[in-house]
1. Among the listed residues 130, 104, 114, 147, identify the single one that is open to solvent by 50 Å² or more (accessible area, probe 1.4 Å), touching a strand residue (DSSP E or B) at 6+ places or on another chain (Cβ under 7 Å) and free of Cβ contacts under 8 Å to residues at least 12 places away in the same chain.
2. Against the condition surrounded by fewer than 12 Cβ atoms within 10 Å (Cβ to Cβ) and hydrophobic (A, V, I, L, M, F, W, C), how does residue 90 come out, does it pass?
3. Just one of the numbered conditions (1) under 30 Å from residue 24 (Cα atoms); (2) open to solvent by less than 60 Å² (accessible area, probe 1.4 Å) is not true of residue 95; which one?
4. Looking at 40, 31 in this structure, which one is outside any helix (DSSP H, G or I), open to solvent by 90 Å² or more (accessible area, probe 1.4 Å) and free of Cβ contacts under 8 Å to residues at least 40 places away in the same chain?
5. Let me confirm something: among 76, 66, which residue is modelled with pLDDT of 90 or more and exposed (fewer than 12 other Cβ atoms within 10 Å of the Cβ)?
6. Pull out all pairs, ordered by first then second residue, where Cβ-Cβ is under 8 Å, the residues are six or more apart or on different chains, the first lies in the stretch 76-91 and is on the phi > 0 side of the Ramachandran plot, and the second is modelled with pLDDT under 90 and part of a loop (DSSP other than H, G, I, E, B).
7. Checking the conditions here, which among 102, 96 is over 19 Å from the mean Cα position of the chain (by Cα), among the hydrophobic types (A, V, I, L, M, F, W, C), at pLDDT below 90 and in a helix (DSSP H, G or I)?
8. Scan the stretch 1-18 and report the pairs whose first residue is more than 22 Å from residue 55 (Cβ to Cβ) and whose second residue is surrounded by 10 or more Cβ atoms within 10 Å (Cβ to Cβ), with Cβ atoms within less than 9 Å and a gap of 6+ or a chain change.
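The values are calculated or read from the model by the stated rules, or taken from the named source; none is laboratory data. Here the structure is a predicted model, which is why all the values come from computation and not from measurement. We place every Cβ from the backbone using ideal geometry, glycine too, and count neighbours over all the protein chains shown. Calculation scope for accessible area: heavy atoms of the full protein, side chains included, ligands and nucleic acids excluded. Shrake-Rupley method; radii C 1.70, N 1.55, O 1.52, S 1.80 Å.
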Amino acid sequence: MVAVTPGVAFIFYHITVLVMPSVFFGFLLQYSSDRAFGRYTLPTWLVVLASTLFLPLVSTIRMIYKNLDDRRQAAKLGARLAPRIDGKYIGNLDVLATMRHLRDTGYIADGFVDWVGGDPVVNIPILWSDMILTVWPEHLKSMLATDFANYAKGNDFLE
């Protein structure tokens, strides 16, 4: 049996997840245009452009749907969503750069008071992934003492 290294497995997995849907969409677009328009086919540049934009478009639609679903679920439960920290650049890359600078030059929590303001819980979406930050003492007590096993904290905190 041939052993596959983790890097090769990672690359093949992401090729199938990221590239194959776009290629499939391109073939589907070309086939459907041949069927719908008879002898007229779509220009190659249009098929390539549509295939290239397919994945970002689907990802954007998924993010919008997820945000709407989160709001709907919170309303159904009578809850409110944590306030979002939105940066100036796409994917909150400026917030990520600021966080990295703060980590390198001082304590990791330096500067968060400016972002958080009066809210004890905030959502910092970095590269479109929600990162919930809390400074509420009851939440910290629950995560670190009372309900320790329920939260993932990484290898440094495991017994």
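1. On the way: 104 fails: touching a strand residue (DSSP E or B) at 6+ places or on another chain (Cβ under 7 Å); 114 fails: touching a strand residue (DSSP E or B) at 6+ places or on another chain (Cβ under 7 Å); 147 fails: touching a strand residue (DSSP E or B) at 6+ places or on another chain (Cβ under 7 Å).
Exactly one residue qualifies, and that residue is 130.
2. Working: surrounded by fewer than 12 Cβ atoms within 10 Å (Cβ to Cβ): yes; hydrophobic (A, V, I, L, M, F, W, C): yes.
Here the answer is yes, as residue 90 does meet what is asked.
3. (1)
4. Details: 31 fails: outside any helix (DSSP H, G or I).
After ruling out the rest, the residue left standing is 40.
5. Values: 66 fails: exposed (fewer than 12 other Cβ atoms within 10 Å of the Cβ).
The unique qualifying residue is 76.
6. 91/127; 91/128
7. Values: 96 fails: over 19 Å from the mean Cα position of the chain (by Cα).
The unique qualifying residue is 102.
8. Close Cβ pairs (under 9 Å, with a partner that is surrounded by 10 or more Cβ atoms within 10 Å (Cβ to Cβ)) amount to 4/12.
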